[in-house]
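The values are calculated or read from the model by the stated rules, or taken from the named source; none is laboratory data. On a predicted model such as this, the values are computed, not experimentally measured, just so you know. Counting neighbours? That spans all protein chains shown, and the Cβs are built from the backbone with ideal geometry, glycine included.
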Amino acid sequence: MAAGNLQRDLVRTAPERSVPERGTSRRGTSERGTPERGTSERGAPGRGTSERGTPERGTSERGAPGRGRSERGTPERGTPERGTPERTTTRDPADSAVFGSRLLVADLRAAAPAWTPPERVLDSLRRATPDGWRVHVVRSLTVSDGDGADRPSDETLSVIGDAEAYLGFGAPRALLEAAPGLRWIHSATAGVGSLLTPELRARELLLTNSAGVHAQPIAEYVLGGVLHFLRGLDIAVRLQAEGRWDREPFVGAGHSAREVGECRVLVVGTGGIGGAVGRALSALGAHCVGIRRRPELGAPTGFIRVVGLDGLDDELPSADVLVLAAPLTSQTRALISAERLDRLPPGAIVVNVARGALLDEQALAEQLESGKLRGAVLDVFEEEPLPADSPLWGKSRALLSPHVSGVSPRRFWERELALILDNWRRYRAGEPLRNLVDQRAGY
Ligand SMILES: NC(=O)c1ccc[n+]([C@@H]2O[C@H](COP(=O)([O-])OP(=O)(O)OC[C@H]3O[C@@H](n4cnc5c(N)ncnc54)[C@H](OP(=O)(O)O)[C@@H]3O)[C@@H](O)[C@H]2O)c1
C-alpha cells in the first residue's frame, strides 16, 4: 500500500465531548435504561434485554475494560503519558508507541461490494475517533463470506501490531499472532464459531459479533421462501418455464396450497434472526414455537412458547414449517438428522438460514425426492460453494441460494455502524459490551 494512503487513513480528530467518561451514570445500565443484573457469564437468567429481544450479553467475567489501568499497564483514556498534546494530529504509526495513543484498526472493506461499507460509514467512524485514539482504515480488501477471512491482508498485518481494537469480518489466527496488545475484536459476521480456537480463548479477549444485525432481511427471505411453497409459486415458475397453462397442480387432487395462518412453525434459535422470523410469521397468523438454549429466559414476541433443545423431538411431529436459525456449536452440529426429518409431518417445509452443518443434506434430498416434504429453502450448506454433484441442485422442491439471505447493503451498515460506535463508546467507558460472544457457549 502506498505510504500516502496509509497516512491518510491514520486520523486523529478532536476530543469527544458528549461521550460519558468512565464511571458515569450509564455504567450498569442496559440499552433501555433498565439495570443490568450482574456482570458474569451470560448464562445467568433475567439479565436486561437487548434491542433484538435477546438477553444482553453483559460484561466478561473478568470485568469490563477501561477501568483504571489496562491489562497491558498502559494508561486509560484521559490520562495521557508524559503530557501528550491533546490535539496533535498523529500521522506516523510509530507515534502510537511514543505517545501511547490507542489504535483501532477497521478492516471492513469487503471484496464483495454489497458488504463493503460506503465511504460515509468509514467517515463516521473517523469522526467518532476520540482523543487519545487513532483509527486506521485498511484499504486492502478483505473477505466477508461465512465467518470471515482465513488470513489478514499484508496491510492489516503491517498495522495490527499496535492495535488495541480490531473491527473486521472474523479474526484469522495470523492476525491474533501479530497483535499482542489486542483487547477487543468485533466481527461484522454473526457466526463466529470457527474463530473460537483454543488460542483465541486463551487470550481472554473481548469478542463481539453482529448477531441480530442481519435479522430483518433474513426474516424476509424466510417469509418469501415459505410462501414460495405454501402458495405453489414453485409450480408456477416451472409451468412458466415450460410455457404451459395448467391449473391441475393447483386445483386437482394433488393440490397443496396453504395459508401461513394455518401453519405451525418451529423455529430453532429465537435470537436476532429467529425472533424476527417469529414476529413476521405470527403477524400472518402462524402458530410459532421456539427452541432456544436458555428457555428459562422466556418466549420472545411472536412465539406462543419456547422450549429447550431437549424438547425438539416432541415438537417436530407438529411442525408444518421448521426454520433453523441457531449458531453452529457443538450442540447444534448435525442437529437435524435423518431420524429427526422423519419426525416431521407429511408436507412440511424445511428452512435453513443458519449454517449447513446443522442439517443432514443427503437425508433432506432423499425426503424431497420421495415427496414427503413439500419443500426446502436453503441459504447455507455444509460445503460452500455447494458442490456441482450435490443431489440438491436438481430438486424442484428445493429453493437454493448461495448464502446471501442477509444481503441488505444500506440497512446493514446503518445497523452495524450504530452497533460499532455504541460498543466503542462502551468499551472506553468500561460498560458492558453489546453482542459479547459467550466463548464457552460458542456464540
Ligand atoms: N445465512 C446468513 O447469511 C446468516 C447471516 C447471519 C447469521 N447467520 C447464522 O445464524 C445464526 C444465528 O444468528 P442470530 O443473529 O439470530 O444469533 P443470535 O441472536 O445470537 O441468536 C442465536 C439463537 O440461537 C439459540 N441457540 C444457541 N445455541 C442453541 C442450542 N444449543 N440449542 C437451541 N438454541 C440455541 C440462542 O438461544 P438463547 O436465546 O437462549 O441464547 C439464540 O436464541 C448465526 O450464528 C449464524 O450462524 C446466517
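Values as computed for the structure displayed
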{"read-out": "Among (1) under 14 Å from the mean Cα position of the chain (by Cα); (2) within 30 Å of Ala283 (Cβ to Cβ) - the single one Gly193 does not satisfy", "value": "(2)"}
{"read-out": "Flag for Gly261 being surrounded by 13 or more Cβ atoms within 10 Å (Cβ to Cβ), in a helix (DSSP H, G or I) and not polar (S, T, N, Q)", "value": "no"}
{"read-out": "Long-range neighbours under 7 Å by Cβ, at least six apart or interchain, first residue at pLDDT below 95 within the stretch 203-226, second more than 10 Å from the ligand (Cβ to nearest atom) and not in a helix (DSSP H, G or I)", "value": "Glu204/Arg62"}
{"read-out": "Hits in the stretch 293-307 (condition: more than 9 Å from the ligand (Cβ to nearest atom) and touching a strand residue (DSSP E or B) at 6+ places or on another chain (Cβ under 9 Å))", "value": "Gly298, Ala299, Gly302, Phe303, Ile304, Arg305, Val307"}
{"read-out": "The stretch 235-252 residues that are in contact (Cβ under 8 Å) with a residue 12 or more places away in the chain, paired with ones that are in a loop (DSSP other than H, G, I, E, B) (beta carbon under 8 Å, 6 or more apart)", "value": "Arg238/Ser396; Pro249/Gly232; Pro249/His255; Phe250/Gly232; Phe250/Ala257"}
{"read-out": "Flag if Leu328 is of a type outside the set (S, T, N, Q), touching a Lys or Arg at 6+ places or on another chain (Cβ under 7 Å), near the ligand (Cβ under 10 Å from one of its atoms) and in contact (Cβ under 8 Å) with a residue 12 or more places away in the chain", "value": "yes"}
{"read-out": "Looking only at the stretch 205-233, and only at residues there that are part of a loop (DSSP other than H, G, I, E, B) and buried (at least 17 other Cβ atoms within 10 Å of the Cβ), the one that is farthest from the chain's Cα centre (by Cα)", "value": "Gly232"}
{"read-out": "Residues satisfying the stated conditions in the stretch 199-230, i.e. more than 16 Å from the ligand (Cβ to nearest atom) and closer than 21 Å to Leu324 by Cα", "value": "Leu227, His228, Phe229, Leu230"}
{"read-out": "So Pro249, is it surrounded by fewer than 21 Cβ atoms within 10 Å (Cβ to Cβ), over 23 Å from Ala441 (Cβ atoms) and touching a His at 6+ places or on another chain (Cβ under 9 Å)", "value": "yes"}
{"read-out": "Residue among Leu175, Leu200 that alone is out of contact with any Pro (no Cβ under 9 Å at 6 or more places or on another chain) and not assigned by TED's automatic domain parsing to the domain that holds Ile273", "value": "Leu200"}
{"read-out": "Residue check, Val380 within 16 Å of the ligand (Cβ to nearest atom) and surrounded by fewer than 16 Cβ atoms within 10 Å (Cβ to Cβ)", "value": "no"}
{"read-out": "Criterion (outside any helix (DSSP H, G or I), in contact with a strand residue (DSSP E or B) (Cβ under 8 Å, 6 or more places away or on another chain) and among the hydrophobic types (A, V, I, L, M, F, W, C)) met by exactly one of Val404, Val380", "value": "Val380"}
{"read-out": "Any hit, the stretch 256-266, residues being in the same structural domain as Gly371 (by TED's automatic domain parsing), within 16 Å of the ligand (Cβ to nearest atom) and in contact with a strand residue (DSSP E or B) (Cβ under 6 Å, 6 or more places away or on another chain)", "value": "yes"}
{"read-out": "Index of the failed condition, Gly290 passing every other in (1) near the ligand (Cβ under 9 Å from one of its atoms); (2) surrounded by fewer than 22 Cβ atoms within 10 Å (Cβ to Cβ); (3) assigned to a strand (DSSP E or B); (4) not hydrophobic (A, V, I, L, M, F, W, C)", "value": "(2)"}
{"read-out": "From the options Ala202, Ala190, Ala236, residue that is outside any strand (DSSP E or B), under 23 Å from Arg109 (Cβ atoms) and either touching a Lys or Arg at 6+ places or on another chain (Cβ under 6 Å) or among the small types (Gly, Ala, Ser) (or both)", "value": "Ala190"}
